[in-house]
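Working notes, structure below.
The values are calculated or read from the model by the stated rules, or taken from the named source; none is laboratory data. All values reported here derive from a predicted model rather than from experimental measurement. All Cβ positions, glycine included, derive from the backbone under ideal geometry; neighbour counts span all protein chains shown. Quick note on the areas: whole protein, heavy atoms, side chains included, nothing else; ligands and nucleic acids left out. Shrake-Rupley method; radii C 1.70, N 1.55, O 1.52, S 1.80 Å.
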Amino acid sequence: MEGEPTLRLRIFDLNCWAIRYLSKRRQERVRLIGDALRREGFDLVLLQEVWSEQDYSDLRVKLAGCYPFSHYFRSGVIGSGLCVFSRFPILDTLLYQYSLNGYPYMLQHGDWFCGKSVGLPGSGASVSVGVRAPLLSLCLQLHAEYCREKDAYLPHRLVQAWELAQFIRHTSKAADVVLLGGDLNMHPEDVGIRLLRGWTGLRDAFAEATRFEGCKNGCTLVPDNCFTDKSELLPFPLGIRIDYILYKAISSFTVKCDELKTTTGPAPGTDIPFSDHEAVMATLHIQRRGQPVGAALGTADLALVDVVAEARTEVGVGLRAAQRQRYSSGRMAVLALLLLLLQAAAALGILAGLGAEQPFPKLSFCLLAFLALGVLVLAAGLHVFHTMEVKMLHGTEDQMWMALRALQERP
């Protein structure tokens, strides 16, 4: 009812960069994160890149008194790295793993092995904020960019952004408030973030905040951080903003961002920051209004049409690249198979007594056979993978075309 007191909701979001054996001072930083969360007493905590379940267990034990509800989302080979801590009951959980997530042979990047996902709350859980405002909370991470000039993963990231937007659209119908936090690995004006916001109606807490305190322009990857790879930020002297808290109200509620903060360097009383990313902290005010209104699931205006069209073009570029890779791997598999067949014919000829006057080079023959077999298996596996990639990209391109047509036909 109107006049009902405002619900104040404090959210903490952080990419923890807690990779076992690789991240610098990981255990010390996880302890510092736990101490800060226990001291500050947020309502909802969304964490990414908590790759070790032991780190999650340690945090859960430390935070049990102030965050009685928590969940860790498992996916991929090494896990999603997503977890959520909450003062409010977690009613259910759901993990959705994106259909495209990089390439398994790019071992140095590793995104494919972790199975990037979206969960409710944080990666797929429903949180009940009292009895007044059921909250759909999502924790997520999209594929990293690695190289902005030659971004080979842009089509995959756009597919992920599109699937995330569709996921929000179809899972938010029972919620009064939608909250999304995570490392989107996209700049604020990138086509992927504009697609996500335009299609779902989510609002950016940084842009909407009444008060802001923290790194200039809300950047969360800054050159002053001792763990940041400075070479990646050379074109951006102030840093980049790739971690977000987004929100929107559905039905009879309004949401306003009263304050947004980012951390700015070392944790209090130490010489190291929590992570190579800065944390994002938002204070939201949720209040019931007079009459329920329909959810805004997309605006049929020229801006959104242009965004969807641009995203579809980029996905089409990725589709053609995937088709070329599928063709190359298929041709390599056929050549390897032909080589094996030739070797088999030569071996049968030797067994039949043909060319018996020549000594049979067993070692060379076996090495060549193993090489051809290895190339065949590898090329066949790549062909299957790129075939699946082509299907996913083609499917997303078709969905975007249908969405474009629907937008253009609206009055």
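Going by the structure shown, is HIS170 open to solvent by 10 Å² or more (accessible area, probe 1.4 Å) and either in a loop (DSSP other than H, G, I, E, B) or modelled with pLDDT under 80 (or both)?
Values: open to solvent by 10 Å² or more (accessible area, probe 1.4 Å): yes; either in a loop (DSSP other than H, G, I, E, B) or modelled with pLDDT under 80 (or both): no.
Criteria not met by HIS170.
Does PHE12 satisfy the criteria of being under 23 Å from PRO89 (Cβ atoms), touching a residue at least 60 places away in the same chain (Cβ under 8 Å), within 25 Å of the chain's Cα centre (by Cα) and in a loop (DSSP other than H, G, I, E, B)?
On the way: under 23 Å from PRO89 (Cβ atoms): yes; touching a residue at least 60 places away in the same chain (Cβ under 8 Å): yes; within 25 Å of the chain's Cα centre (by Cα): yes; in a loop (DSSP other than H, G, I, E, B): no.
Judged against the criteria, PHE12 is not a match.
Applying the selection to segment 272-303, what residues are modelled with pLDDT of 90 or more and not polar (S, T, N, Q)?
Of everything in segment 272-303, those that are modelled with pLDDT of 90 or more and not polar (S, T, N, Q) turn out to be ILE272, PRO273, PHE274, ASP276, HIS277, GLU278, ALA279, VAL280, MET281, ALA282, LEU284, HIS285.
Under 6 Å between Cβ atoms, which residue pairs at least 6 apart in sequence (or on different chains) link something in segment 95-116 that is under 14 Å from GLN160 (Cβ atoms) with a partner that is among the acidic types (Asp, Glu) and at pLDDT 80 or above?
Pairs found: TYR98/GLU163.
Determine the pairs where a residue that is in contact (Cβ under 8 Å) with a residue 60 or more places away in the chain, located within segment 318-332, has a partner that is acidic (Asp, Glu) and surrounded by 14 or more Cβ atoms within 10 Å (Cβ to Cβ) with Cβ atoms under 7 Å apart, the partner being 6 or more residues away or on another chain.
Every condition considered, the pairs that remain are LEU319/GLU397; ALA322/GLU389.
Is it true that ALA207 is in the same structural domain as CYS114 (by the TED database) and assigned to a helix (DSSP H, G or I)?
Answer is yes for this residue.
Any idea which residue in segment 391-408 is nearest to the chain's Cα centre (by Cα), counting only those that are closer than 16 Å to ARG157 by Cα and open to solvent by 10 Å² or more (accessible area, probe 1.4 Å)?
Keep residues of segment 391-408 that are closer than 16 Å to ARG157 by Cα, which gives 391-397, 399-400.
From what is left, the residues that are open to solvent by 10 Å² or more (accessible area, probe 1.4 Å) are 391-392, 394-395, 397, 399.
Working: LYS391: 20, MET392: 17, HIS394: 20, GLY395: 20, GLU397: 20, GLN399: 20 Å.
For segment 391-408, the residue satisfying everything is MET392.
Counting just the residues of segment 57-95 that are over 22 Å from LYS116 (Cα atoms) and assigned to a loop (DSSP other than H, G, I, E, B), which one comes out least open to solvent (accessible area, probe 1.4 Å)?
TYR67
Any idea which of (1) out of contact with any Pro (no Cβ under 9 Å at 6 or more places or on another chain); (2) in contact (Cβ under 8 Å) with a residue 40 or more places away in the chain is the one ARG157 doesn't satisfy?
Status for ARG157: all satisfied but (2).
Mind listing whichever residues of segment 259-271 are modelled with pLDDT of 95 or more and either open to solvent by less than 10 Å² (accessible area, probe 1.4 Å) or touching a Ser or Thr at 6+ places or on another chain (Cβ under 8 Å) (or both)?
Correct list: GLU259, LEU260, THR262.
Determine whether GLY110 is within 30 Å of GLY265 (Cβ to Cβ), open to solvent by less than 80 Å² (accessible area, probe 1.4 Å), modelled with pLDDT under 95 and not β-branched (Val, Ile, Thr).
On the way: within 30 Å of GLY265 (Cβ to Cβ): yes; open to solvent by less than 80 Å² (accessible area, probe 1.4 Å): yes; modelled with pLDDT under 95: yes; not β-branched (Val, Ile, Thr): yes.
It is true that GLY110 is within 30 Å of GLY265 (Cβ to Cβ), open to solvent by less than 80 Å² (accessible area, probe 1.4 Å), modelled with pLDDT under 95 and not β-branched (Val, Ile, Thr).
Report, by residue number, each residue of segment 175-209 that is in contact with a helix residue (DSSP H, G or I) (Cβ under 6 Å, 6 or more places away or on another chain), open to solvent by 10 Å² or more (accessible area, probe 1.4 Å) and farther than 16 Å from ALA279 by Cα.
Those that are in contact with a helix residue (DSSP H, G or I) (Cβ under 6 Å, 6 or more places away or on another chain), open to solvent by 10 Å² or more (accessible area, probe 1.4 Å) and farther than 16 Å from ALA279 by Cα: VAL191, ARG194, GLY198, TRP199.
Let me confirm something: among PHE274, PHE236, which residue is assigned to a loop (DSSP other than H, G, I, E, B), out of contact with any Pro (no Cβ under 7 Å at 6 or more places or on another chain), without any contact (Cβ under 8 Å) to a residue 40 or more places away in the chain and open to solvent by 10 Å² or more (accessible area, probe 1.4 Å)?
After ruling out the rest, the residue left standing is PHE236.
Suppose we keep only residues that are open to solvent by 10 Å² or more (accessible area, probe 1.4 Å) and of a type in the set (A, V, I, L, M) within segment 121-159. Which one would you say is modelled with the lowest pLDDT?
Looking at the filtered set, the residue picked out is VAL131.
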